[in-house]
Amino acid sequence: MGRVTERRRVIRIRDGAVSTRPDTLVAEEPLEIRLGGKPLAITMRTPGDDFALAAGFLVSEGVLASAGDLANIVYCAGATDEGGSNSYNVVDVRLAEGVPVPDITLERNVYTTSSCGLCGKASLDAVRTTTRWPLDTSPETPVRIEPATLSALPDRLRSAQRVFERTGGLHAAALFTTDGELLDIREDVGRHNAVDKIVGRALQQGQLPLSSCVLMVSGRASFELVQKAVMAGIPVLAAVSAPSSLAVDLAVETGLTLVGFLRGASMNVYAGEHRLALSAAASTD
């Protein structure tokens, strides 16, 4: 099975001095996801939590909603070119009896990179029509979070990233309570993969929807990540960098609280500000 990190020879140049040394790199390998034996998607990911990744991917695609929808997930044997040992880079998801397979899922055989994942009108339409847990858009919603609590999340995310400290090459997604308690964290070369691993583990443990949680991600907040949060019933998504325009549009439309540029005590709230305990004197300019 692929490892999370690998060692490679590197020539290091520092202030004109040249040396040779081994360097620790984050591993990146393809994972093919099959549904009922039929190829569905290939994603570039960091090996580990592959079953959770596949389950989370199918939550975001509207196929799975609970652990009871899932019969099992297995690695497909003999996947190497030589036909000998198992590469552990192909998984097959079997749905429970009676769980329907949407036609759109099988019609779209896709390749997702570690940098972007899936995006586009087809995904936007899927969120509008198949999300099982519409987010509460009422100002009286019980989910509330203090800005000071949000401010502490990036440091907590970074301190919990074990592999990043050795490689500097991984994104992360973490699940927190509204009081800032860390519930789970996953790392991957792709932000969307890290989120899928978080959501997939929650599904396997019977915890969906994650309606009282905050999702914190490294990097930017893309449409893809907003989609995954909405499909998992997560009401708050925070990122250390910028959101895209489509991500903001989807957050506004679905009632998601979207926070970007979360760095220290500074942050931008792009949507769903009713969940933040803001001062009544806050400027609306």
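Results, tabulated for the structure shown:
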{"quantity": "Test: residue 194 is modelled with pLDDT of 90 or more and closer than 18 Å to residue 228 by Cβ", "calculated": "yes"}
{"quantity": "Qualifying residue in the stretch 100-115 (condition: touching a His at 6+ places or on another chain (Cβ under 8 Å) and modelled with pLDDT under 75)", "calculated": "yes"}
{"quantity": "Every residue from the stretch 220-249 that is in a strand (DSSP E or B) and in contact with a Pro (Cβ under 6 Å, 6 or more places away or on another chain)", "calculated": "221"}
{"quantity": "Meets criteria (part of a loop (DSSP other than H, G, I, E, B) and either closer than 19 Å to residue 157 by Cβ or out of contact with any Gly (no Cβ under 9 Å at 6 or more places or on another chain) (or both)) for residue 278", "calculated": "yes"}
{"quantity": "Residue count, the stretch 243-265 (criterion: closer than 16 Å to residue 153 by Cα, at pLDDT below 90 and within 16 Å of the chain's Cα centre (by Cα))", "calculated": "0"}
{"quantity": "Single unsatisfied condition, residue 244 versus (1) polar (S, T, N, Q); (2) buried (at least 24 other Cβ atoms within 10 Å of the Cβ); (3) touching a Phe, Trp or Tyr at 6+ places or on another chain (Cβ under 7 Å)", "calculated": "(2)"}
{"quantity": "In the stretch 173-219, the residues that are surrounded by 22 or more Cβ atoms within 10 Å (Cβ to Cβ) and part of a helix (DSSP H, G or I)", "calculated": "191, 192, 193, 194, 195, 196, 197, 198, 199, 200, 202, 203"}
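The values are calculated or read from the model by the stated rules, or taken from the named source; none is laboratory data. Since we're looking at a predicted model, the values are computed, not measured. Cβ: placed from backbone, ideal geometry, glycine included. Neighbour counts: every protein chain shown.
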